[in-house]
Amino acid sequence: MKKSRIDLLHACRNYLQAHALVQPGQSVLVALSGGVDSMVLCALLRELSDSMAFRLAVAHFNHHLRGADSDEDEQFVLRMAAEWGLTAHSGGADVANWSADQGQSVETGARILRYQFLLDLAEKMSYDRVATGHNADDQAETVLDHFLRGAGVTGLCGMPRRRDRIIRPLLFADRRWISAFAEQHAVPFRRDSSNDDQAYRRNRLRHDLLPHLQQYNPRIRRTLTRLSGTMTEVDEYLNAMAEKAFGECCIQDEGGKIILDCQLFLAYFIILKKYLLRLCLSKLVDDEPFFDHALYDRALSILSGTGGQAYAVLGSRVFIEKVGKLLIIGRRPPPCAEVRIDRLQGTFPLWDGRRLRIFMANETLSTIRRNQDKKRAWVDGDKLTLPLTLRPMRDADRFRPLHLAGSKSLSDFFIDEKVPRHLRRRIPILWSGDQVVWVCGQRLDDRFKVTAETTRIYELRLAEQCESEIGI
């Protein structure tokens, strides 16, 4: 009996130290459901806390899925925390209704709300770590579930030992070992009847599919956890190689936009290109709900084309564009709000951080015609009709470029001017009624040019931009 306790205690200590899951002086919040795994975890950490010099507290999240049983779980956890002299926190939510409103399964909704509660609490109360009771059998089930869903290398890693604040100190121990410890050392716990409910996918994997697979491989759980370890090693290596590749081919990383050397990027192995793309995306967005095989395959298919131009939207928040020898990956900006101009004098802020200045001028026609500065334009004030409008391009917009016969679509104009596609709907366009006056920083409309008959001249000037926009 004593040997089992010492083995698990020492194994837990060794696991914590080998993977640097907890450091001396840190505080650990245990996610305590009241089940056998979390109760054993809490008992182990409580015994190790003095010798390893960390502080311990517990938190319970009431899912309100099992009526009175859920409330009794909460009271049990609070009572045990008091007996053990540990600070306890509790919270809860109507998981079933929230999941239905969000179009999520109850399992997914429970996980989202539980982790949200734990991480918010840890942030608010300054807990360094949040420890969960996931074990080796949970890991095997997770890997199998991810495999069935078509996961790649990262998905087959299963649950990481640590991600940010979350740590899983029992991933090395199987359910039988943990249960034996609880029985031999009288660790109290609650039994959750929902763990046997076949309505939940995880339970069907545990009670139906895995026992069936054991007929073909009696050590299937160990095989799956070993696969998790192997995939974790591969994933760590590929992430390190992606970091190295990023350093080799990154030209710019600022302002919500990353620019890579496209030739170097395309020379990497396919799997490394996918990891490099994922690294770039992770720098641009906070989470990864849409980082899947289809996204990477689509992006690489577009970028591998023979043409010098390519563009795609990834998910809803990121674009990727090939412009000659450059590969641009960036956050999609919010929609541009129209700016109404009611007077022909003043400074008007633009959505890209620049400002448009309008003021009366007295330049000569020869001076105007010699101008080479695209940020300045002069217009015939007699042809302007207030209010003026600033807005980005729309699909059917056309104008008459200065010194060119006839009209041209703004889309074709931007293509001819080699304006990257991700910038075309960010460029401010000044309108008078339904006519373009100035494609700001690009070209004046011929109908508003200054002539010898002009009596009022207004200068349009783009102030210095706050961030790189049209130039690459």
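The values are calculated or read from the model by the stated rules, or taken from the named source; none is laboratory data. The shown structure was predicted, so the numbers you read here are calculated from the model rather than taken from an experiment. Positions of Cβ are backbone-derived with ideal geometry, glycine not excepted, and every protein chain shown enters the neighbour counts.
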Unmet criterion (only one of (1) without any contact (Cβ under 8 Å) to a residue 12 or more places away in the chain; (2) buried (at least 16 other Cβ atoms within 10 Å of the Cβ); (3) over 30 Å from residue 275 (Cα atoms); (4) aliphatic (A, V, I, L, M)) for residue 93
(1)
The one condition residue 18 fails out of (1) out of contact with any Cys (no Cβ under 6 Å at 6 or more places or on another chain); (2) surrounded by 17 or more Cβ atoms within 10 Å (Cβ to Cβ) is (2)
Single match in 317, 421 (criterion: assigned by TED's automatic domain parsing to the domain that holds residue 441 and among the basic types (Lys, Arg)):
421
So which of 9, 65, 48 ends up being assigned by TED's automatic domain parsing to the domain that holds residue 182 and touching a residue at least 40 places away in the same chain (Cβ under 8 Å)?
65
Would it be correct to say that residue 322 is touching a residue at least 60 places away in the same chain (Cβ under 8 Å) and either of a type outside the set (Val, Ile, Thr) or touching a helix residue (DSSP H, G or I) at 6+ places or on another chain (Cβ under 7 Å) (or both)?
yes
Name every residue in the stretch 81-104 that is in contact with a Leu (Cβ under 8 Å, 6 or more places away or on another chain), part of a helix (DSSP H, G or I) and not β-branched (Val, Ile, Thr), in order of residue number.
81, 96, 98
Scope the stretch 96-110; condition closer than 19 Å to residue 198 by Cβ and either more than 21 Å from the chain's Cα centre (by Cα) or surrounded by fewer than 19 Cβ atoms within 10 Å (Cβ to Cβ) (or both); matching residues:
96, 99, 105, 106, 107, 108
Could you say whether any residue in the stretch 193-206 is of a type in the set (A, V, I, L, M, F, W, C) and in contact with a Leu (Cβ under 8 Å, 6 or more places away or on another chain)?
yes
Among the residues of the stretch 242-276, what is the count of those that are among the polar types (S, T, N, Q) and under 13 Å from residue 329 (Cα atoms)?
1
Of the residues in the stretch 122-168, how many are assigned to a helix (DSSP H, G or I) and closer than 22 Å to residue 210 by Cα?
17
When the residues of the stretch 179-205 are narrowed to those that are touching a residue at least 60 places away in the same chain (Cβ under 8 Å) and more than 25 Å from residue 106 (Cβ to Cβ), which ends up surrounded by the most Cβ atoms within 10 Å (Cβ to Cβ)?
181
Regarding the stretch 286-307, can at least one residue be identified that is part of a strand (DSSP E or B) and within 18 Å of the chain's Cα centre (by Cα)?
no
Single match in 33, 27 (criterion: closer than 19 Å to residue 87 by Cα, surrounded by fewer than 21 Cβ atoms within 10 Å (Cβ to Cβ), under 30 Å from the mean Cα position of the chain (by Cα) and at pLDDT 95 or above):
27
Meets criteria (touching a Cys at 6+ places or on another chain (Cβ under 9 Å) and either of a type in the set (A, V, I, L, M, F, W, C) or closer than 30 Å to residue 268 by Cβ (or both)) for residue 320:
yes
Candidate set from the stretch 396-446 (those that are part of a strand (DSSP E or B) and of a type in the set (Lys, Arg)); member that is surrounded by the most Cβ atoms within 10 Å (Cβ to Cβ)
443
Any hit, the stretch 447-459, residues being closer than 30 Å to residue 253 by Cα, touching a Ser or Thr at 6+ places or on another chain (Cβ under 8 Å) and either surrounded by 14 or more Cβ atoms within 10 Å (Cβ to Cβ) or not assigned by TED's automatic domain parsing to the domain that holds residue 326 (or both):
no
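Listed here are the residues, each with its yes/no results for (1) aromatic (Phe, Trp, Tyr); (2) loosely packed, with under 14 Cβ neighbours inside 10 Å; (3) over 48 Å from the mean Cα position of the chain (by Cα).
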residue: 346; (1), (2), (3): no, yes, no
residue: 352; (1), (2), (3): no, no, no
residue: 366; (1), (2), (3): no, yes, yes
residue: 370; (1), (2), (3): no, yes, yes
residue: 383; (1), (2), (3): no, no, yes
residue: 386; (1), (2), (3): no, yes, no
A careful count of residues in the stretch 224-251 that are out of contact with any helix residue (DSSP H, G or I) (no Cβ under 8 Å at 6 or more places or on another chain) and either in contact (Cβ under 8 Å) with a residue 24 or more places away in the chain or among the charged types (D, E, K, R) (or both) gives 6
Determine if the stretch 332-344 includes at least one residue that is at pLDDT 90 or above, more than 40 Å from the chain's Cα centre (by Cα), surrounded by 12 or more Cβ atoms within 10 Å (Cβ to Cβ) and in a strand (DSSP E or B).
no
Restricting to the stretch 342-392, count the residues that are farther than 18 Å from residue 456 by Cα and among the aliphatic types (A, V, I, L, M).
3
Please determine whether any residue of the stretch 222-236 is in a loop (DSSP other than H, G, I, E, B) and either exposed (fewer than 15 other Cβ atoms within 10 Å of the Cβ) or on the phi < 0 side of the Ramachandran plot (or both).
no
